[in-house]
Amino acid sequence: MCGRYNVIDDPLVQDLLETLGIPMRMQTRLNIAPGAKGQIVYETNRGRTLEDAIW
C-alpha cells in the first residue's frame with residue numbers, strides 16, 4: 001500500500017464518529033504519508049475506539 005491521505009475535521013466526519021459511537025474529535029491532518037502516524041477506528045470487546053497507528 002502506498003499513498004497519502006488527509007483527515008479533515010468537518011461536520012460529516014463528526015457525524016460519522018457519533019454514528020460509530022466514538023465521542024472524540026479528530027484533528028485535521030493533511031498529507032499523511034506511509035510510515036507516519038494516523039488515526040484509525042477499531043472495535044474491541046469494549047466498543048469502538050479511535051487510536052493512533054502507523055500508516
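Checking VAL7, VAL41, VAL13 one by one, the residue that is in contact with a Gly (Cβ under 8 Å, 6 or more places away or on another chain) and at negative phi is VAL7 and no other. Residues in the range 37-50 that are loosely packed, with under 10 Cβ neighbours inside 10 Å and either within 17 Å of ARG4 (Cα to Cα) or out of contact with any Ser or Thr (no Cβ under 8 Å at 6 or more places or on another chain) (or both): THR44, ASN45, ARG46, GLY47. In the range 4-19, of all residues being under 20 Å from ILE54 (Cα atoms) and not aliphatic (A, V, I, L, M), the one that is surrounded by the fewest Cβ atoms within 10 Å (Cβ to Cβ) corresponds to ASN6.
Can you name the residue in the range 20-36 that is closer than 15 Å to ILE8 by Cα and within 13 Å of the chain's Cα centre (by Cα) and, of all such residues, is most open to solvent (accessible area, probe 1.4 Å)? This residue is ARG25. Tally time: how many residues in the range 23-38 are modelled with pLDDT of 85 or more and at negative phi? Going through the range 23-38 one residue at a time, the tally reaches 9.
The values are calculated or read from the model by the stated rules, or taken from the named source; none is laboratory data. Everything quoted here is computed from the prediction, not taken from an experiment. Reconstructed Cβ throughout: ideal geometry from the backbone, glycine too, with neighbour counts over all protein chains shown. Remember, those area values only see protein heavy atoms, side chains included, never the ligands or the DNA or RNA. Shrake-Rupley method; radii C 1.70, N 1.55, O 1.52, S 1.80 Å.
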